[in-house]
Amino acid sequence: MKVDRLMSIVLILLDKERISAQELADRFEVSLRTIYRDIDAIDLAGVPIRSTPGVGGGFEIMPDYKMDSKVFSTADLSAILMGLSSLSNMVRGDELINALAKIKSFIPADRAKEIELKANQIYIDLSQWTGNNNIQTHVEIIKVALQENKLLTFEYIAHQGNKTERIVEPYQLVMKSSHWYLYGYCQNRNDFRLFRLSRMSGLQILEDTFTLRDFQKPQLEIKIRIHQSIIDRVLDYCSYENFYSDGEEHYIVSFPFIENEYHYDILLSFGDKCECLEPLHVREKMKRRIYDIVSIYES
């Protein structure tokens, strides 16, 4: 069980009168069995949880319960403060301010200086040194559109500088490799797409709302098979923990990937020392790109 998930569940229960196991499972993307184990662990830790069965039932903290600040260790509080403070560099809003205030309220006066010192020992700055000053504004606009299920319109600069006008149903904000992306359904392409925020201009919320579609999260990782001779190059993009031996000279690698020209070009740059294994549609796109290159030399 992850400590951060347990603490998040406690904060949710303190903030809500009652919440179902399914809601918690959906929010944290885990199984119902995992949620039930988490609730048992929280209860054993001294936070009294009451379960109500049936329609409208769920979990809640016993009325009039006050959390003992000692439930969190110095390391727990330092880690939470470090994470929330780092996130505040990129995401602003009342939710984050309130979360920070709640966590700080658990800090006993006699441990405040020690916890502040530990929280500041590691500083994670997710903002860019230089670049597009509109990123933060874009994040805030997209957050509003997500909450209100409203369409977004913007001009997008794609590969090779091509500019297109897009109308998009927003579904998710994604940060990958220190870059923000919007994952949404593009009405111009009739498909889900990832849009890098730094390539957007003229971002606006339309008055039109949309009905949520069934969607899968964006593909952010693929499996490739590589020859040992390019290990050093592949390590520029991922950790050695993602490597699994496949015979004497090859490795299977869980490789970070976003479906755009830049990442397809990375795969192509590995030449015949790399094979995309899955997902199938990325493998098929790689085959088509390779055939296109071959056709140039055959003509």
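Taking the Cβ of Ile226 as the center, what net charge do the other residues with Cβ under 12 Å away carry, scoring Lys and Arg +1 and Asp and Glu -1? Net of charged neighbours comes to -1.
Taking a ≥ b ≥ c as the square roots of the Cα gyration tensor eigenvalues, the stretch 174-229 comes out prolate, since a/c reaches at least 1.5 and a/b is larger than b/c.
Looking at the stretch 145-204, I'd like the Rg to Rh ratio, where Rg is from alpha-carbon atoms and Rh is Kirkwood's inverse mean 1/r.
For the stretch 145-204, the value is 0.94.
Determine the per residue accessible area of the stretch 145-279 with all protein chains present and a 1.4 angstrom probe, expressed in square angstrom. Mind dumping the intermediate values first?
Numbers: 7600 Å² over 135 residues.
That works out to 56 Å² per residue.
With a ≥ b ≥ c the root eigenvalues of the C-alpha gyration tensor of the stretch 12-53, is it rounded (a/c under 1.5), prolate (a/b larger than b/c) or oblate? In terms of gyration-tensor shape, oblate. Would you tally the net charge around Pro256, using a Cβ to Cβ cut-off of less than 15 Å, leaving Pro256 out, and scoring K and R as +1, D and E as -1? Net charge around Pro256: -1.
Neighbours of Tyr156 by Cβ distance under 12 Å: Lys/Arg scored +1, Asp/Glu scored -1, total +4. So for the stretch 225-287, considering every pair of alpha-carbon atoms, how many percent are separated by more than 13 Å? Cα-Cα pairs in the stretch 225-287 separated by more than 13 Å: 62 percent. The HN-Hα couplings worked out from phi for the stretch 283-289 by the Karplus form 6.51 cos²θ - 1.76 cosθ + 1.60 (θ = phi - 60°) are 4, 5, 5, 5, 4, 5, 5 Hz, whole numbers, x standing for Gly and Pro. Here the Kirkwood formula puts the hydrodynamic radius of the stretch 156-299 at 17.3 Å, using every distinct Cα pair.
The values are calculated or read from the model by the stated rules, or taken from the named source; none is laboratory data. Predicted, not measured: the structure shown is a model, and the values here were computed from it. For neighbour counting, all protein chains shown are included, and Cβ atoms are generated from backbone atoms with ideal geometry for every residue, glycine included. Keep in mind that these areas ignore ligands, DNA and RNA; they rest on the heavy atoms of the full protein, side chains included. Shrake-Rupley method; radii C 1.70, N 1.55, O 1.52, S 1.80 Å.
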